[in-house]
Every structure is written in C-alpha cells, then in structure tokens.
1. Which numbered condition in (1) touching a residue at least 24 places away in the same chain (Cβ under 8 Å); (2) surrounded by fewer than 23 Cβ atoms within 10 Å (Cβ to Cβ) is the only one that residue 227 fails?
2. From (1) modelled with pLDDT under 95; (2) in contact with a strand residue (DSSP E or B) (Cβ under 7 Å, 6 or more places away or on another chain); (3) more than 30 Å from residue 12 (Cα to Cα), pick out the condition that doesn't hold for residue 163.
3. Could you grab me the full set of residues in the stretch 174-197 that are assigned to a strand (DSSP E or B) and either without any contact (Cβ under 8 Å) to a residue 60 or more places away in the chain or more than 23 Å from the chain's Cα centre (by Cα) (or both)?
4. Inspect all residues belonging to the stretch 13-23 and state whether any of them is free of Cβ contacts under 8 Å to residues at least 40 places away in the same chain and in contact with a strand residue (DSSP E or B) (Cβ under 7 Å, 6 or more places away or on another chain).
5. (1) part of a loop (DSSP other than H, G, I, E, B); (2) farther than 18 Å from residue 270 by Cβ; (3) at pLDDT 95 or above: which one isn't true of residue 141, the others all being true?
6. Taking the conditions exactly as written (surrounded by fewer than 24 Cβ atoms within 10 Å (Cβ to Cβ) and closer than 17 Å to residue 266 by Cα), does residue 78 satisfy them or not?
C-alpha cells in the first residue's frame, strides 16, 4: 500500500438481482462517502467476471453495496472468502440464512423471538386456493425490497393471481397489522427505532422514491416498545451471526401492546441511498455517513 494512507477499497455494486438499480445508487453513495472519509474507493459493477476484475484491482477491502440475490445471499461472500479479500457486512452463512426468510424465521423462533406464521408453497397451489386463511401476504422467499409482494385482504374470495415472474415456490405469511418499525444494528449496538409512515403498503416505490415514505426518527412509541425493538434487533442480528450492519423490520399492533410486536425479517445489506433507513438512524445517534462507511471498512475481515 505504498503511497496510500489507508486501504484501497473496492465498492461492489449493481449485480444481476432485481435490486440492481438500488444497489448502483447505494454503491455510488458509499464510494463518495469513503472518498470523503479519506479512503481510496474504486467502484465495480459486479458481473460474471467479478473474480477476474478483483484480481486485477487487487483491493485491500471489498465494501459490499450489493442488494438482493447473489450479492446478499452468501454467493459473493464466498467469492471474497476464496480470494481472501476482507469484506464488509455479514459472512456466507449469516447472509444465506437471512436471505431465506423461512430459514431465518426458524432461527428466530429457536432464539425465542416473535415471528408470524408462514409456509412455503408452490406458486400454482397458491394461485389455486387459500393456503392460509385471509388476510395474508405472498412474497418470494429470497428477494428483498418488497419485490413481488401480494396482499390478500380479509374476506377475499379468490386467491391471488400471481405473476409468472414469481418463483415456483413462494412464502405465504399471515398478515401482521399495525405500524412499520425498524431498527439498525451496527456491530454490537442497536442504534434507534424508526416509524415508517406511508399512504399505503410499504412497497418498492415507497422505499426508494423521494417522498415515498416518511420516517419518524426516533419513533414516537411507548418506551417499552422502543426498548423491545432495540433488544429484538440485536438478538436477531446475533441469532443469525450477522456482522457489520443489519436492519430488522417489525410490525407493531398498538391494540396488543408489547405482545403486538413481531419481527418481519432481517436485512444484512441495508440500503445506503439518500432515503435509506440505516444511514438515517446512524446520523440520528451522531454517526455521519462517511464515518459509517469508514467504520464498516475498519470492521472488514474474512471468515465472517
């Protein structure tokens, strides 16, 4: 590293998943923040020649800004382990578990964490009949960012007309009513709680379009619910063996008090865009975006 004061960081972004455009935005933001923090950052759109390109670039650290399948499910983490390039965020096993929503729920249940009922069922069966009693939600078991989500309301006569683009097997999950809360974990610290307000379903557009959702940070909820979110997010992070930064999403039914709080899922590669939740929470506790990215680089390692 002669002539450099810090590590050479390659920012992995883009990739082939359904969340490619979000990842490109995340990657650009992270690369700019790393440069602002005084580090050398090289942006790399992760394609089929990833291993070859990494061998050419010879980075000291890989900053993983990929979202969705391949970049978030343990695959790219395995490539980085093979090449012995230290990387940010979670390792192979934690990434694979978190991306498989049903397996993550099994781990959460084993750790005594509250989750809603769900089953994995063939797409054609879900089209043909109600696999669960309405209301319920149908979604891919291994995609993020609310990609391909169908809500079947209470009293619905017909099952959902799922698109052919949905996987052959899907998750059918009991609908959890209430407010959308989320908590990011950085290292061994749960940061704060955000209340996500939208005019409708918190879908892909609401997550990433400017003005698509409103974030109340810190969430104006009872202290016991706020503290429970912090505790459950940290326990979920630890239950899967996550590293670096993660974000756990909750639903809270106010009518049931603390018993109305359930974990929906955990995200091991939270968005790092201008409207993203984790950087916003970090800022709320005094950690600016360049500092957040720098901390993730400092935490990078193999064998995660």
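1. (1)
2. For residue 163, the failing item is (2).
3. Selection gives 174, 189, 190, 195, 197.
4. No, because not a single residue in the stretch 13-23 is free of Cβ contacts under 8 Å to residues at least 40 places away in the same chain and in contact with a strand residue (DSSP E or B) (Cβ under 7 Å, 6 or more places away or on another chain).
5. For residue 141, the exception is condition (3).
6. No.
Residues are listed down the side, and each one gets a yes or a no for (1) assigned to a helix (DSSP H, G or I); (2) in contact with a strand residue (DSSP E or B) (Cβ under 9 Å, 6 or more places away or on another chain); (3) not assigned by TED's automatic domain parsing to the domain that holds residue 142:
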| residue | (1), (2), (3) |
| --- | --- |
| 25 | yes, yes, yes |
| 29 | yes, no, yes |
| 38 | no, no, yes |
| 53 | yes, yes, yes |
| 56 | yes, no, yes |
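Table: residues versus (1) more than 30 Å from residue 251 (Cα to Cα); (2) surrounded by 16 or more Cβ atoms within 10 Å (Cβ to Cβ).
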| position | (1), (2) |
| --- | --- |
| 57 | yes, no |
| 90 | no, yes |
| 100 | no, yes |
| 106 | no, no |
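The values are calculated or read from the model by the stated rules, or taken from the named source; none is laboratory data. These figures come from a predicted structure and were not determined experimentally. Glycine gets a Cβ as well: all are built from the backbone with ideal geometry, and neighbour counts include every protein chain shown.
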